[in-house]
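Shown below is the structure under consideration.
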Amino acid sequence: MVLKWLKRTGFKKRYFLLGLLCLELASLPAAAKILSQISVTEKPMASVVLIDAKNGQKRYAVATNAPFYISAEHTMGPVSVEVYKSGVIGSSRFGDNAQMPGVAVACSSPSGEESVIYQSKRKTALGSGKILSQAVIVAIQYLDKFEPDFKIDVGEPGDLKAPKANCPSTLA
């Protein structure tokens, strides 16, 4: 019945299809608004690689998608943490798509319970790209007589933060 009416009025199929297309285009802004309200959350992760360890210093390449912390075990006395946003490791560049996660230099003096020596305020990754381009370098200096274990992880630390200390000119 509807088809007979359409034939009598001279209505063409192409007009019907054009109307459907216009309706689809008109609904795009509403669909975009709905998509912008959908929250996609990534699991907080950290990629950590030990670059070198010598003479009371360990250097790590750290790339995270959430704030991170560094805790120290088996050490006492002053510990210095320096963060470098970008540069070169050998012949490879790092940090081109990274940001400073927090303060550039933090000094503390950990003891048994108080082992968190650095807490960042934000993630290292600023833009998309290869993992090394999102990484910062973390250099940790400590007294030579200790062989500490450092743990770099995302989230809230379970341990207490070590008291701040003056940064010594040299720890070795």
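What relative contact order, as a whole-number percentage, does the chain give when Cα pairs under 8 Å and 6 or more residues apart are counted? Walk me through the numbers on the way to the answer.
Numbers: 359 pairs, mean separation 47.3, N = 172.
Once divided by the residue count of the chain, the mean separation gives 27 percent.
Another one. Among THR41, PHE94, SER80, whose Cα sits farthest toward the positive end of the charge dipole of the stretch 36-97 (+1 at Cβ of Lys/Arg, -1 at Cβ of Asp/Glu, about the Cα centre)?
With unit charges placed on the Cβ atoms, the residue in question is PHE94.
Using packing as a proxy for protection, rank 61-67, 136-142, 86-92 so that the peptide with the highest average count of other Cβ atoms within 10 Å comes first.
Most protected by this proxy first, the peptides run 136-142, 61-67, 86-92.
How far is the Cα center of the stretch 102-119 from the Cα center of the stretch 73-99, in Å?
If you average the Cα positions of each part, the centres end up 15 Å apart.
For volume of the Cα convex hull per residue in Å³, several values are listed as [x] 161; [y] 126; [z] 175; flag the one computed from this structure.
Correct label is [x].
As a test of the formula, what do you get for the chain when each DSSP H run with n ≥ 4 contributes -39,500 (n - 2.57) and the sum is divided by the residue count, at 222 nm and rounded to the nearest 500 deg cm²/dmol?
-6500 deg cm²/dmol
Longest exposed-loop-site-free stretch of the chain, with GluC sites (Glu not before Pro), DSSP loop and at most 11 other Cβ within 10 Å?
Answer - 43-112.
A further question follows. Which cysteines does the chain leave without a neighbouring Cys Cβ under 4.7 Å?
Unpaired cysteines in the chain: CYS22.
Using only Cα atoms, tell me the angle between helix 13-37 and the longest principal axis of the chain; keep it within 0 to 90° and round to the nearest 10.
Relative to the chain, helix 13-37 is tipped by roughly 20 degrees.
Considering only the stretch 21-172, what is the antiparallel percent among its DSSP beta bridges, to the nearest 5?
Antiparallel bridges make up about 95 percent of those DSSP assigns within the stretch 21-172.
What does the charge dipole of the chain about its Cα centre add up to, to the nearest 20 debye, if the Cβ of each Lys and Arg holds +1 and the Cβ of each Asp and Glu holds -1?
It works out to roughly 1900 debye.
Another one. Select from ASN65, ALA139, ASN55 the residue farthest towards the positive end of the dipole of the chain; place +1 on Cβ of Lys and Arg, -1 on Cβ of Asp and Glu, and compute about the Cα centre.
Of the options given, the answer is ASN65.
Bear in mind these aren't lab numbers, they're just calculated from the coordinates by the rules spelled out. What you see is a predicted model; the values in this text were computed from it and never measured. Note that we place each Cβ from the backbone using ideal geometry, even for glycine, and neighbour counts take in every protein chain shown.
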